[in-house]
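Written out below as structure tokens is the structure these notes cover.
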Protein chains: 4
Amino acid sequence: MATATLLISAPDQRGLVAKIADWVFGLGGNILHADQHTDSTVGLFLMRVEWELDGFNLPRAEISQAFTPLAENIQAQWQLHFSDTVRRLAIFVTKQDHCLYDLVLRQRSREFLATISLVIGNHPDLEAVAHSFGINYHYLPITAETKAAQELQQLALLKQYQIDLVVLAKYMQVLSPDFLRNFHQVINIHHSFLPAFAGANPYHRAYQRGVKIIGATAHYVTEDLDEGPIIEQDVIRVSHRDAVTDLIRKGKDLERIVLARAVRLHLENRVLAYGKSGARTVIFD
Amino acid sequence: MATATLLISAPDQRGLVAKIADWVFGLGGNILHADQHTDSTVGLFLMRVEWELDGFNLPRAEISQAFTPLAENIQAQWQLHFSDTVRRLAIFVTKQDHCLYDLVLRQRSREFLATISLVIGNHPDLEAVAHSFGINYHYLPITAETKAAQELQQLALLKQYQIDLVVLAKYMQVLSPDFLRNFHQVINIHHSFLPAFAGANPYHRAYQRGVKIIGATAHYVTEDLDEGPIIEQDVIRVSHRDAVTDLIRKGKDLERIVLARAVRLHLENRVLAYGKSGARTVIFD
Amino acid sequence: MATATLLISAPDQRGLVAKIADWVFGLGGNILHADQHTDSTVGLFLMRVEWELDGFNLPRAEISQAFTPLAENIQAQWQLHFSDTVRRLAIFVTKQDHCLYDLVLRQRSREFLATISLVIGNHPDLEAVAHSFGINYHYLPITAETKAAQELQQLALLKQYQIDLVVLAKYMQVLSPDFLRNFHQVINIHHSFLPAFAGANPYHRAYQRGVKIIGATAHYVTEDLDEGPIIEQDVIRVSHRDAVTDLIRKGKDLERIVLARAVRLHLENRVLAYGKSGARTVIFD
Amino acid sequence: MATATLLISAPDQRGLVAKIADWVFGLGGNILHADQHTDSTVGLFLMRVEWELDGFNLPRAEISQAFTPLAENIQAQWQLHFSDTVRRLAIFVTKQDHCLYDLVLRQRSREFLATISLVIGNHPDLEAVAHSFGINYHYLPITAETKAAQELQQLALLKQYQIDLVVLAKYMQVLSPDFLRNFHQVINIHHSFLPAFAGANPYHRAYQRGVKIIGATAHYVTEDLDEGPIIEQDVIRVSHRDAVTDLIRKGKDLERIVLARAVRLHLENRVLAYGKSGARTVIFD
């Protein structure tokens, strides 16, 4: 039973829930989930509405056009998604394999609906892992001199494979503003509880600071490093008995779980980032 | 800015969100929050909708009557609440004071809107605490012989003080079915992670079993002891280093927080219990 | 730098820490970790002491004999382990692959020191997974009629492969008392927060009961089903929005992590089960 | 049954556990708890050992002198405490009452052993609360001009009341280096998960950043603001539905619990801060 989902943000005004629900119902749609939030600090209305396509009076191809007049009337920004669309993912890696394995195994056990079409690594280490699951691996090493050229190559691959979403699965390179202007649907896992320990070596710095809890953060990638909208975070308790290697080990479990949750929330169209800095997200879970 | 809130459950059918949102909007209401859930295992639609009274075209006293035709049409069970209604609470206690103090202090710091009108204890110990906050205390000791008569006395006090909600704040007596038939809005805090360690002495049994985590559970009270609909639960990690007294101490923090959250959720009309056994709740948070 | 570890339990008496530390130091041992606990409810002293073998005045083969007089003097039960011993694991599975993958990948990334020598399944489904990592897979289907014979076959394999520890990684069969009398080092993952929802279908029952938190429990297997000493537990928050399938998905993350932690604690000789019912454990972490 | 506790840090060397345990045992002491940790990154041995005074061959007054030769021999820094010493606390407050109430009620229910001798406020608001529990309240308002003089007044009160520990219970002033040089046993509660959102208005900044988890941190106060050794931290999940006022409310629960745990750990002599920057702690729990 396929569904359609609208993610909508609009200047807050009276009657938006009714107008949108009416529009769906008037075309015969059965709403399965409707969730709405108003951020009164910025006067923004945000809504997610999902309805059954079965029984809906419009074919898929005409829904966008049919919704446009209402959207314009309420000055909305909006996305339309269908639940049976199989999004195409590219995973960027370096040497650590735990997030790559985790995403592939979850995809195979159908925790989320997607195709993992491509793995790109700036080291050759994980080629065998990708191949063991029948996924193409492209090795694109990066130095300061080659970065611009290699990013063009990465973008060409994303186009060739028709990629919808890039997941940085412990990819130890910073994407350039140029890259992000050409492809901006990118989720990263940062190995700290942001904004604590932004930047390099968070586990070493967490050890030095003697924190009692460490965390991981999945966020959309923006040009402001480690400042992108946060999708999900989680934490685990540590103690003086934990050496840096223990923090890294415990952190890997967090990284796996937090990244997987974020990818799943994105693929189920449950995340709306908003605000001029883009720093906040609504998670319709 | 007062609001009205409808809590609605109805047999699931096409168009319920639109019908309800339309009804609010058609009368000029600005919806602040609309949240909806369908339990497909029982075919039940559950919704909470909250709108501003300012600008609404009906006076409060006429809203119920105006909603009745739609409610009958969709075979709904429903409640209507106003956000500025000050509910009147009675707190039942025995000897432990931590939940009593906690609720009174939260009420005083306006974490929730209510009047704590009355404390009833089956021991005299906490009379001084109640009086220190200017709250009336009624000491009604209970034995097997006096229980029926004392419960009648309790019910008379609830009527006299026009109580809307009874909170069992570590009240070490079981309310009889007779009591509950006469007054059923009762929230209890159970000092375990139900259904683990239902019944007496959960901390001692948790110690014996060597669990690594303990919990607390706030639930509505029903005739089935420890089986009422769960409103909130939380847990804390323990270890072999924790003696029973440590479990009790750690548990008190859980009890305070879990009970306070449950009372607050109830007072904000965010809890809908449903199902023939009444065991499940939707928490619109 | 290899270490020796003693796990000791003895009737509590004055001077045990000093006697044991003295014995290690008197033989030139540098204590890296010493942790001790007294369960005063049963009058039992429990200790873990780990020291460097480098500089110790006895060869490994003579340590047990040298410790015996002190152990007898204090009526201790004790185990001696060396940190560089590579324990041999057998993993029992049915159809679900997430715990199997998880354990193999952690072993490969050296989160714990062990060899996974053997996978035994009562279904053929996971043979390919085992083989993809070069691990032998034995398919031993079990029915009520064949159970006794197949368990003999399992025991023969454990002997043949010189297995030290069996891990039940979502193995959906109950080991018989006969099996356990012949091989008792067995760790199981139970997909609930024991003692809540012991027995079958815990996620379905958790859904029915409307709990707000679910858990998983790793424990040593004893003849009393779901009553073995608990090694580790963890939990995750759920809501009415989670269907049974969501509970299962969230639970799989718990199962993976809780089982892996328990296996690691066991392999690092940090777990001491004690008590006549065997229900309690000391975790020296 | 009173106990003695030694907290010891010393350059790491072979035999320290044995030497210290021997010293206790040689004088007839029954060790109840012995816990030890080595920070190999700085070559430091840290130990807590607690033994029964009943049966010990030295009167309390002679224990320090008797331990000194061993301490000098191993170049140790050390503290000796007795479990029945009633420490004298001063609580510094501003306007918020939740941590003050919490500490007083816990002290009254004997969660920790101490006398709350004095409350000092830079506003008059909480005088009534202190008096309701029979505790003296001193109102010392602070401006940029009067700060130095008022701190001298604070120090005089600490001396007059023979205060052992100052607890900053949401005290919205920074203690000067001069103050700390004269009195350095000070625990503060910071309303964020340090090092995230150090400084002012952490809840507002957490909201702006859109974090999914907030925290609180209890730490010893040093001249480096928000950089003192961390004793305890805890966190709670938040969502887009939480406005700043909700973060503040949720944070108050964290603040209460985290501060109370830290005070208790300190009073039970379970905290050892070490390192030249003083940033790390060992928590012997």
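Values quoted throughout were computed directly from the atomic coordinates according to the rules given, and no laboratory measurement underlies them. Quantities reported herein were computed from a predicted structural model and do not represent experimental measurements. Heads up, the Cβs are rebuilt from the backbone with ideal geometry, glycines too, and the neighbour counts pull from every protein chain shown.
Angle between the Cα long axis of helix A:98-108 and the longest principal axis of chain A, 0 to 90 degrees, nearest 10?
The answer is roughly 40 degrees.
Against the globular-protein guess of 2.2 N^0.38 Å, express the Cα radius of gyration of segment D:30-71 as a ratio, rounded to two decimals.
1.45
If we hang a label 7 Å off Cα along the beta carbon direction at A:LYS95, how far is it from the matching labels on the other copies, in nm, shortest first?
Inter-copy label distances (nm, one decimal, shortest first): 4.1, 5.4, 6.3.
Please determine, in degrees from 0 to 90 and to the nearest 10, the orientation of helix B:244-267 with respect to the longest principal axis defined by the Cα atoms of chain B, where the helix direction is its Cα long axis.
In chain B, helix B:244-267 runs at an angle near 20 degrees to the longest axis.
How big, in percent, is the set of alpha carbon pairs in segment B:87-283 lying more than 30 Å apart? Please list the in-between numbers first.
Values: 3352 of 19306 pairs.
Result for the distance tail: 17 percent.
Which distances in nm, rounded to one decimal and ordered from shortest, link the label point of B:ASP224 to the equivalent label points in the other identical copies, with labels set 7 Å from Cα toward Cβ?
Nearest first, the other copies' label points are 2.7, 5.2, 5.8 nm away.
Provide a whole-number value for the mean count of partner chain Cβ atoms within 10 Å of the Cβ atoms in peptide A:234-241.
Across the residues of A:234-241, the mean count of other-chain Cβ atoms within 10 Å is 5.
Considering the rotational relationship between chains D and C, which residue of chain D contributes the beta-carbon of minimal distance to the axis, and what is that distance to the nearest Å?
D:ALA21, 2
May I ask you to report, in nm to one decimal and beginning with the shortest, the distances from B:SER176 to the same position in the other copies, taking label points 7 Å along Cα-to-Cβ?
Values, ascending and in nm: 5.4, 6.9, 8.2.
Could you give the distance between the Cα centres of segment A:190-230 and segment D:194-249, to the whole Å?
What the calculation gives is 15 Å, centre to centre.
Please compute, for the alpha-carbon atoms of the protein assembly as shown, the extent along each of the three principal axes and give them in descending order in Å.
87, 73, 69
In debye to the nearest 20, how big a dipole does segment B:3-82 give about its Cα centre with +1 on each Lys and Arg Cβ and -1 on each Asp and Glu Cβ?
Working: 4 positive and 9 negative charges, 21 e Å.
Charge dipole, segment B:3-82, about its Cα centre: 100 debye, nearest 20.
Pull up the DSSP beta bridges for segment C:24-155 and report the antiparallel fraction as a percent, rounded to 5.
Details: 8 of 19 bridges.
The answer is about 40 percent antiparallel.
Mind computing the radius of gyration and Dmax over the alpha-carbon atoms of segment B:3-82? Å is fine for both.
Just the Cα atoms of segment B:3-82 yield Rg and Dmax of 12.1, 39 Å.
So, R0 is 56 Å and r is the distance between the beta-carbons of B:ARG88 and A:ASN57; what FRET efficiency does that work out to, to 0.05?
Here the calculated transfer efficiency is 0.65.
For segment B:178-260, taking Cα atoms only, what is the radius of gyration to one decimal and the Dmax to the nearest whole Å?
When restricted to the Cα atoms of segment B:178-260, Rg and Dmax are 13.3, 46 Å.
Just D:HIS81, D:HIS240, D:HIS219 to compare: in a GNM of chain D, with alpha carbon springs under 10 Å, which one fluctuates most?
D:HIS240
How far is the Cα center of segment C:54-129 from the Cα center of segment A:1-37, in Å?
Between the Cα centre of segment C:54-129 and that of segment A:1-37, the gap is 56 Å.
Give me the percent relative contact order of chain D, please, defined on Cα pairs under 8 angstrom at least 6 residues apart. Spell out each step's value before the answer.
On the way: 515 pairs, mean separation 42.6, N = 285.
That works out to 15 percent.
What is the projected area of the convex hull of the Cα atoms of segment A:49-162, averaged over all directions, in nm²? Don't jump to the answer; show the numbers that get you there.
Details: hull surface 41.4 nm².
Averaging across all directions leaves 10.4 nm² for the Cα convex hull.
In degrees from 0 to 90, rounded to the nearest 10, what is the angle of the helix C:60-73 Cα long axis to the longest principal axis of chain C?
Helix C:60-73 and the main axis of chain C meet at about 80 degrees.
By count of other Cβ within 10 Å, fewest leading, how are C:THR245, C:THR94 ordered? Working shown, then result.
Working: C:THR245 11, C:THR94 18.
So the ranking, lowest neighbour count to highest, is C:THR245, C:THR94.
To the nearest 20 debye, what is the magnitude of the charge dipole of chain B about its Cα centre, counting +1 on the Cβ of each Lys and Arg and -1 on the Cβ of each Asp and Glu? Let's see the in-between values first.
Details: 28 positive and 31 negative charges, 139 e Å.
Using Cβ point charges on Lys, Arg, Asp and Glu, chain B gives about 660 debye.
Do the alpha carbons of any pairs in B:LYS19/D:LYS212; A:LYS212/D:LYS95; C:LYS250/D:LYS212; B:LYS250/C:LYS212; C:LYS252/D:LYS252 sit beyond 24 Å of each other, and which pairs?
In this structure, B:LYS19/D:LYS212; A:LYS212/D:LYS95; C:LYS252/D:LYS252 exceed 24 Å between Cα atoms.
Sort B:SER40, D:SER109 by Cβ crowding within 10 Å, fewest neighbours at the top. Numbers along the way, then the final one.
Working: B:SER40 11, D:SER109 14.
Ascending number of Cβ neighbours within 10 Å: B:SER40, D:SER109.
For segment D:87-283, with the dipole built from +1 on Lys and Arg beta-carbon atoms and -1 on Asp and Glu ones, taken about the Cα centre, which of D:PRO202, D:ALA216, D:ALA156 lies farthest toward the positive end?
D:ALA216
Summing -39500 (n - 2.57) over the DSSP H runs of n ≥ 4 in chain A and dividing by its residue number, what mean residue ellipticity at 222 nm do you reach, to the nearest 500 deg cm²/dmol?
Details: 8 runs with 94 residues, N = 285.
The per-residue figure over chain A is -10000 deg cm²/dmol.
Could you order peptides B:70-76, A:43-49 by the average number of other Cβ atoms within 10 Å of their residues, highest first?
Details: B:70-76: 14.4, A:43-49: 20.6.
Per-residue mean Cβ counts within 10 Å order the peptides as A:43-49, B:70-76.
So what's the projected area for segment D:102-182, the Cα convex hull averaged over all directions, in nm²?
Result: 5.5 nm².
Using the Cα centre of chain A as origin and beta-carbon charges of +1 (Lys, Arg) and -1 (Asp, Glu), tell me which of A:PHE82, A:GLY15, A:LEU105 is placed farthest towards the positive end of the dipole.
Checked the options; the winner is A:LEU105.
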